[in-house]
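Each remark here refers to the structure printed beneath this line.
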Amino acid sequence: MKQLEELYKQGMSFGRIGEATGLSRGKVQRHLIKAGIHQPKRRVSEGRATCSRCERHLPVSEFPDLMVAGSYRCKSCKCSDLHKYQIEKLGCTEGHYTALLESQNGVCAICGAAEGHKSKDGVSARLAVDHDHETGEIRGLLCMSCNRGLGRFKDSLELLDSAQRYLRKKR
């Protein structure tokens, strides 16, 4: 990791260092922050920080990545950016998302959690676009818990049936 520090001292950007070393820009930045080599711009005063995206001045508790990576994006902006990324990654459009949401009456297709329910971070959460990992076909919208649950069961009907039998036996 000394190589990262040397390249940074030579004036290379995080992105260029990442290209030269095969690491992501974020990993380079996190290493340099933790090593005390790089100090992110300080947007913090009196326990409050300013979001680099929405410019709101909020308590530092609203910035989940501030201490780890020096990110000045608030929970709400981070959640919004993640939602946009997930939709684009799957080839979905905002119009298709809206149509799916309307067809599901604005709720998770499995548990019925409403669009806008509060996440564990207290942020108004969007529903995730669920897709078949083999075909890439979009199946519907799920809350994060249900979407992760299916993923952890590897979209396997056999595993889900086995889990259902297990739960019934334990009741």
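Candidates TYR97, TYR85: the one that is in contact with a helix residue (DSSP H, G or I) (Cβ under 8 Å, 6 or more places away or on another chain), assigned by TED's automatic domain parsing to the domain that holds HIS131, among the aromatic types (Phe, Trp, Tyr) and assigned to a helix (DSSP H, G or I) is TYR97.
When the residues of segment 62-116 are filtered to those that are charged (D, E, K, R) and more than 30 Å from HIS38 (Cα to Cα), which remaining residue is farthest from the chain's Cα centre (by Cα)? Among residues in segment 62-116 that are charged (D, E, K, R) and more than 30 Å from HIS38 (Cα to Cα), the one farthest from the chain's Cα centre (by Cα) is GLU102.
Of the candidates ILE17, ILE33, the single residue that is under 18 Å from TYR72 (Cβ atoms) and assigned to a helix (DSSP H, G or I) is ILE33.
The residue pairs whose first member lies in segment 129-153 and is more than 20 Å from GLY106 (Cβ to Cβ), whose second member is of a type in the set (Lys, Arg) and at pLDDT 90 or above, and whose beta carbons are closer than 9 Å, counting only pairs six or more residues apart or on different chains, are ASP132/ARG139; HIS133/LYS154.
Of all residues in segment 1-24, those that are free of Cβ contacts under 8 Å to residues at least 24 places away in the same chain have Cβ atoms under 7 Å from Cβ atoms of residues that are assigned to a helix (DSSP H, G or I) and exposed (fewer than 12 other Cβ atoms within 10 Å of the Cβ), 6 or more apart or on another chain, in THR21/GLN3. Every test in (1) in contact with a helix residue (DSSP H, G or I) (Cβ under 8 Å, 6 or more places away or on another chain); (2) in a helix (DSSP H, G or I) is passed by GLU6 save one, and that test is (1).
Answer with yes or no whether CYS92 is at pLDDT 85 or above and outside any strand (DSSP E or B). Before you say what the answer is, go through the steps one by one.
Details: at pLDDT 85 or above: yes; outside any strand (DSSP E or B): yes.
Answer is yes for this residue.
Scanning segment 81-111 for residues that are of a type in the set (Gly, Ala, Ser) and in contact (Cβ under 8 Å) with a residue 12 or more places away in the chain returns GLY91, ALA109.
The values are calculated or read from the model by the stated rules, or taken from the named source; none is laboratory data. Note that the structure is a prediction, hence the values are computed from the model and not measured. A quick note on method: Cβ atoms are made from the backbone with ideal geometry, for glycine too, and the neighbour counts reach across all protein chains shown.
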